């Protein structure tokens, strides 16, 4: 009960703080790694190019995901056909033994 009440109150706050603090902490970690390996400091143009490329890649990924879901929805009749073919193939390779009425009633008891 206490755990549920805690998550009800603080979950939105926790997500909001992590969305704001996550990129800041990530940038600071990358900056510390850059200083450790003695690379040149990042300029504003470098950060903007990186953010633009990341945004483009995420957009392409989301577009491909949506297209895949649309195709999957459009091909539902083909999925049903494939399911029936698979079931027929499995039944053909491993036929089940047909029992007599006596053996069926014995197993039901």
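With no solvent and one equal point scatterer placed on each C-alpha of segment 43-94, evaluate the Debye formula and give log10 I(q)/I(0) for q = 0.19 Å⁻¹, two decimals. Cα-only, vacuum Debye calculation for segment 43-94: -0.74.
Once divided by 2.2 N^0.38 Å, the Cα radius of gyration of segment 1-98 becomes 2.03. Across all C-alpha atoms in segment 1-42, the radius of gyration and Dmax reach 16.6, 52 Å.
Coordinate-derived values only; no laboratory data. From a predicted model like this one, the values you see are computed outputs, not experimental measurements.
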